[in-house]
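One structure below.
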Amino acid sequence: MKYILIMEDSRATAQTIAKMAQELFPSFQIDIASSEREAKEYVLKKEKEIFIVFADLHLPDTTEVGEIIDFLRKYKVRTIILTSSEDLSLREKISNKLNVIDYVIKDNLTNIQYVTQLAQWVYKNFMADREAIVVDDAKLQRKVSQAILTILGFKTWEAVNGKEAFEMIQENDNINLVVTDLEMPELNGVELTSLLRRRVHRPLVIIGVTASKDQLEVIKFLKYGANDYITKPFSKEEFINRVRKDMIVLEQTADLNKRIQIIMKQKAEIEKLATTDSLTQLYNRFKFNSILEEQIKESAESGNTFAFIIFDIDKFKSINDGYGHDIGDYVLQELPKVIKTKLRENDVFARWGGEEFVLLLPKTGIAGGVGIAEKIRRAVEGYPFQHVNRVTISLGVSRYNREDNAEKILKRADSLLYKAKNGGRNRVEYS
């Protein structure tokens, strides 16, 4: 069980915070302490299970403002100050305590909502195993930045120059936040940023850190791909809010990309349903007509011809009547598997309807079309269909002529199919 403690002596305010927190943390226990004494007793009991504390600095038994923050820091408890006091000197002093994530005035519901959402974001960082790297040749600055990022839920890494950082980022796909200084030996911050944008193709937030007052240096950071920059010396509060803002943009972009992928997948599935025959998994008549029109247009422009074949299963009604519709469906499903072994990669195969099928053979004349038709006919005739003694097909083969449209091609091939059936079935007719 994880716990959230609200240090607040106003019952109405405490309940408002608790309600908002419970909505965002449904599996957490939310507790309220109305005095510092009560809060300290609670921390001593729950110490390691406390995720975060929302702390008012002015409770009835407060003797020294801020003393409770040092107590919470001693037990490594993350704290968000939510108070009614806007004391700038106190704010600066307390905000820089490492365990304090933010300092917010509780003068409206928006601010209360903000701090609960901030706590939720920190928790998401922990749960998502997010990782960050701090790149700086100054050891103290690295350690300070790492400590802040750790409180925010990041696992942190450090590098003393851009070259070392680049190698670490390439090796660790979990790093999605880079905080880099500008001036460093062996690849400075701008060079590192440029290299990362060119060579690392995954979502990555880059925040540039510089002590330079030169706006051109800042512009370089941004031009070469930094998401943000911050000027030294900076306050912890500013650093945290910039990191949060930039990471939320990254998360929103990632969520948007996921939604786009889902939509594209759904679109592809819908298109497949609309263009595929459900029984045979071949193109359906609608899709084939579309491809045929495109092929006619292409052939008219290029001068290339194509062959067209229509065929059906001989005496298919007898199969359905004699063996049942389930066996008839089996034959319809098995037939395409046999025929596909005789087709080329660019040939188009579709179910026309019932037991009729069609083939479009690009850049193929009448002789080539007849040759493929004969291969298909012999393959079907010799295939050992289960439950059925023998299956044969009759085929009509035609080719595209310059004056043809889809209707003419279909009509000509269809008449050849009927000629094959009237000529004894299990044969190919062509013109």
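The values are calculated or read from the model by the stated rules, or taken from the named source; none is laboratory data. Predicted model, so just to flag it, every value in this text is computed and none were measured. A quick note on method: Cβ atoms are made from the backbone with ideal geometry, for glycine too, and the neighbour counts reach across all protein chains shown. Accessible surface is based on the protein model in full, side chains and every heavy atom, while ligands, DNA and RNA are left aside. Shrake-Rupley method; radii C 1.70, N 1.55, O 1.52, S 1.80 Å.
Taking every alpha carbon pair in the stretch 222-350, what does the distance histogram look like in 5 angstrom bins from 0, in percent?
2, 7, 10, 11, 11, 9, 8, 6, 5, 6, 6, 5, 5, 4, 3, 1, 1, 0
Springs between alpha-carbon pairs under 10 angstrom, Gaussian network model over the chain: which of Gln117, Gln15, Gln333 fluctuates most?
Evaluated over the chain, the most mobile residue of the options is Gln333.
Can you list the GluC sites (Glu not before Pro) in the stretch 1-102 that are in a DSSP coil and have 15 or fewer other beta carbons within 10 angstrom?
Here the GluC sites (Glu not before Pro) that fit, given the DSSP loop and packing criteria, are Glu64, Glu86.
So between Leu90 and Thr62, what do we pick up on full extension, going 0.36 nm a residue minus the alpha carbon distance?
Extra length available between Leu90 and Thr62 comes to 8.6 nm.
How much accessible area per residue does the chain have, in Å², with a 1.4 Å probe?
Result: 51 Å² of accessible area for each residue.
For the stretch 93-152, what does the alpha-carbon gyration tensor say about shape, rounded, prolate or oblate, given a ≥ b ≥ c as the root eigenvalues, a/c under 1.5 as rounded, and a/b over b/c as prolate?
oblate
Rounded to the nearest 500, what is the chain's calculated 222 nm mean residue ellipticity when only DSSP H runs of at least 4 contribute -39500 (n - 2.57) each, over all residues?
-16500 deg cm²/dmol
Tell me the carbon and sulfur percent of the accessible area for the stretch 212-314, rounded to whole percent, probe radius 1.4 Å.
55 percent
How many nm is it between the label spots at Ile270 and Ile248, if each spot is 7 Å from the Cα in line with the beta carbon?
3.2 nm
As a quick test, which of the pairs Lys48/Lys124; Lys76/Lys245; Lys46/Lys74 have an alpha carbon distance above 22 angstrom in this structure?
As for pairs spanning more than 22 Å Cα to Cα, those are Lys76/Lys245.
Ignoring ligands, DNA and RNA, what percent of the 1.4 Å accessible area of the stretch 107-166 is carbon and sulfur?
56 percent
Between Arg344 and Glu171, what FRET efficiency comes out of the Förster formula 1/(1 + (r/R0)^6) with R0 = 30 Å and r the beta carbon distance, rounded to 0.05?
So the FRET efficiency works out to roughly 0.10.
Given Cα pairs under 8 Å that are at least 6 residues apart, what percent is the relative contact order of the chain?
9 percent
Taking 2.2 N^0.38 Å as the expected size of a compact globular protein, what ratio does the Cα radius of gyration of the stretch 88-194 give against it, to two decimals?
1.25
Using a 7 Å offset from Cα along Cα-Cβ at Lys76, what residues in the stretch 159-184 end up with backbone N under 20 Å from the label point?
none
Using r as the Cβ-Cβ distance of Gln261 and Gln29, and R0 as 30 Å, what FRET efficiency do you calculate, to the nearest 0.05?
0.20
Calculate the FRET efficiency for Asn289 and Tyr383 from the Cβ-Cβ distance with a Förster distance of 30 Å, rounded to the nearest 0.05.
0.55
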